[in-house]
1. Here is a list: A:E103, A:E143, A:E121, A:E133. Which entry is exposed (fewer than 13 other Cβ atoms within 10 Å of the Cβ) and either touching a residue at least 24 places away in the same chain (Cβ under 8 Å) or acidic (D, E) (or both)?
2. When you go through B:G86, B:G97, B:G102 one by one, which is the residue that is farther than 17 Å from B:A271 by Cβ and modelled with pLDDT under 95?
3. In contact (Cβ under 8 Å) with a residue 40 or more places away in the chain, assigned to a loop (DSSP other than H, G, I, E, B) and of a type in the set (V, I, T), is that true of B:T278?
4. Looking at the range A:173-191, which of its residues are of a type in the set (A, V, I, L, M), over 12 Å from A:Y211 (Cβ atoms) and not in a loop (DSSP other than H, G, I, E, B)?
5. On the basis of being among the charged types (D, E, K, R), under 29 Å from A:G450 (Cα atoms) and more than 10 Å from chain B (Cβ to nearest Cβ), does A:R398 make the cut?
6. Which one of these does A:R330 not meet: (1) in a strand (DSSP E or B); (2) within 13 Å of another protein chain (Cβ to nearest Cβ)?
7. List, please: which pairs have Cβ atoms under 9 Å, are six or more places apart or on different chains, and start with a residue in the range A:488-513 that is closer than 13 Å to A:T473 by Cβ and end with one that is of a type in the set (K, R)?
8. Out of the residues in the range A:343-362 meeting the condition of being over 25 Å from the mean Cα position of the chain (by Cα) and more than 7 Å from every other protein chain (Cβ to nearest Cβ), tell me which one is surrounded by the most Cβ atoms within 10 Å (Cβ to Cβ).
Amino acid sequence: MKTPAHSETPTNRPDEAEVVLAARNVAKSYGAVHALKGVNFDVHRGQVTTLFGENGAGKSTLMKILSGVQQPTSGELLLEGKPVTFSSTVDARDRGISIIHQELSLAPNMNVRDNIFMGREIMGVTGVDFAEEERQARALMEELEEDIDPLTRVEDLRLGQQQIVEIARALSVKSRILIMDEPTSALSASEVEVLFGVIRDLKERGVSIVYISHHLEEALTITDHAVVLRDGEMTAYAPRNEIDLEWIVRNMVGENFDLGSPPEGHAFGAPALQLENLSVPANSGIGNAVEQLNLTVKAGEIVCIYGLMGAGRTEMMECVAGRTEATGGRILLHGEDISGLTIAQRIEAGLVLVPEDRQRDGLVQTMSVGRNLSLASIGNFTRGLLTSRRDEREIIDRSIREVTVKTDGPDAPIGSLSGGNQQKVVIGKMLATSPSVVLLDEPSRGIDIGAKAEVFRILADHARDGMAVVYSTSEVGECLAIAHRIIVMRRGQIAAEFTHDTTKEAIMAASGESLVA
Amino acid sequence: MSETTTTSAETAPAGKKSGFSIVHLLLEGRAFFALIAIIATFSFLSPNYATVSNFLIMSNHVAIFGLLALGMMLVILNGGIDLSVGSVLGLTGVFAGFLMQGVEIQSAGVILYPPVWAVVVMTIGLGAFVGLCNGVLIAYFRVPAFVATLGSLYVARGVALLMTNGLTFNNLRGDVSLDNTGFGWLGFNRLFGVPIGVIVLAIVAIVAGLVLSRTAFGRWLYSSGGNERAAELSGVPVKRVQVSVYVLSGMCAAIAGLVLSSQLTSAGPTAGTTYELTAIAAVVVGGASLMGGRGTVRGTLLGAFVIGFLSDGLVIIGVSSYWQTVFTGAVIVLAVMLNSIQYGGRRIGR
């Protein structure tokens, strides 16, 4: 669906509120990957503009450009009507644009006052003028109507209060434009109310807000304008009073590129992977990320796990693969309990994980393409004490062919490959161990649509040969690609289960995406 | 994430362009070219430098540092550091001397004089034990490598001083009547004119080279040093690899300790002080990355020879030993600077 973006572009829709910051035809490419393809975007004085879009739609890239983290490849930014370029975040901040990241950038060991004035300490004759800083910090807190003592250490504050400190810091540099990236993702419902109160207050004082959120309905309650991005293009733009939830979802998801369909014509085999009442501790150490989860995947079946960030998908997969220990329940592989086995033993038994973050967990950047591909199957080409170069070469060549890696050769550095090809290397590495169960955590993250389709084709082919495939995604369109069954996870539990013939809206609703947290 | 991925894809091939090939070659083979330059310079300055006998003598010196550096390289490949090797060298030398003096078992009222081969085995065992302690502390108790091995630097040195009361074992020659002669063989004898120390270094280097390039362990080491999380998820026993490298480093230090005490026919408790720094320098000059995952046996040997030949050359042409220190320091800094130029462009945020 290619609605001509121009019919609704801001340039053709003059709004009554004054435009403080505008992006015109902003494009950003990373090598051959076009993250943004000519986006127009307006920020109105004293209003909230929300950016909607799936992961990889280009939201974060646009934010980085607006806040000076990166420069656009082409196009321009207009601040109060005048073209500007931001050389750095400090430059952008000096011109009144601040960004509050999803991961807060506070020093938890320091107090609120020191955090607010970090890097811009007020100097008196005898060094830092703490009294003046404290007075200003108190004034800011009063303005925000928050009862936070400036001398409290940040780590002693609740997450919502920490967010307020970030906002106070942005206000202390007289920010006129505040970019908030997923500010509510870690907040409780009451904290969200407090935050929204602060946002309304900021609007009255003429501060413009750029807001990003996955909680669509929540965002709709606060926003004045909606901008929808998809695959690096702006697909729709409208003021709040003309839109509803359904409009956003339709423009966000669109009609996706064909990512394939579930492989048919083969019967499922015996249960390959069974999770019984599985509980997995959260990374923070408090509570469980996965609670009493039950799931059975048969040989030859493809199961998609959909859920928001923090739904427990990654924790569940890492536990099944053996990286973390379960706090309860059992994991059965072909009917045998595998808890207690090491990762290497699970790989030997036929269970492998393709991790979510390929840079951090998937690739060894110091090794070549070939050595990355053969890393998990060293045992298969070791003869006695020494490795056999010929056998290794055979395994590598077969993998390169099988997962269609585009490379100069096995000796090319892994960093020379595109993101999609790197992802194929990680998948190929695990497939080279001839697994019977494959878990893939967000296999399509950060790769282009063509590579996505190929990854899914590889998985479908293997499922036809009897491999059990479990993949997770946070892009709803990908659930409907090759999965026979779609499991929606929410807060560590299975919220709903669908077959292939469901709709995107039903899946999103079950994930809690459109509900207030 | 797509951002980091694709930027690295952009920058990496730059080094492969043909226009850069000469610079690239010089950069890749810098330790080799440095060695050539050092030999050429000193041959020009002193007629005694470029003689076979001098090369063999210098190589015998290099053997000590080379052995330490090989062990150190394994640790550095893993992304760690082993500060204890100098002390372990001293401790194992003293331990070997202690065994050679005879072990008195008071309850039985006898003094045992173990044969030289048993002394060698036990000494290497002691080095392995110190390495094992380091490795277990680092891998399982999560003590930072710098701190754990700094601790064993002190402990090993202290134990060596305690064992001798600060004195030196001078009688390492053994006695024919006790059937424990031959300790001096390691340090003094020559095989086909080549000092045994150099041959030991060559054997250890060949074994290390084979292990690194042709065994599963070698692959595990490179991968866990390059990206421990990825290696772990690929089934690499990262903890065992981590412990092993410290054990191997300890064993290398023990071998070096044996060779040195044999060369000196005495075992002093202060032998090998600050040698760990020379070993680290050799590894770094040899092009290994202190972040782990990059480094070769060949490079490390070259690094050891560069440092050894440089300081011996300065001695031969009569430069003050204070200047030697200055030169060595400059070479190390230069090497690390070139390292960052070589690897800097490809670094991916960790």
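The values are calculated or read from the model by the stated rules, or taken from the named source; none is laboratory data. Bear in mind the structure is a predicted one, so any value in this text is a computation, not a measurement. Backbone-built Cβ (ideal geometry, glycine too); neighbour counts: all protein chains shown.
1. Of A:E103, A:E143, A:E121, A:E133, the one residue that is exposed (fewer than 13 other Cβ atoms within 10 Å of the Cβ) and either touching a residue at least 24 places away in the same chain (Cβ under 8 Å) or acidic (D, E) (or both) is A:E103.
2. Answer to the check: B:G102.
3. Criteria not met by B:T278.
4. A:A189
5. Criteria met by A:R398.
6. In the conditions (1) in a strand (DSSP E or B); (2) within 13 Å of another protein chain (Cβ to nearest Cβ), A:R330 misses (2) alone.
7. Going by the 9 Å Cβ cut-off, the qualifying pairs are A:M489/A:R313; A:S511/A:R490.
8. Checking each candidate, the answer is A:L351.
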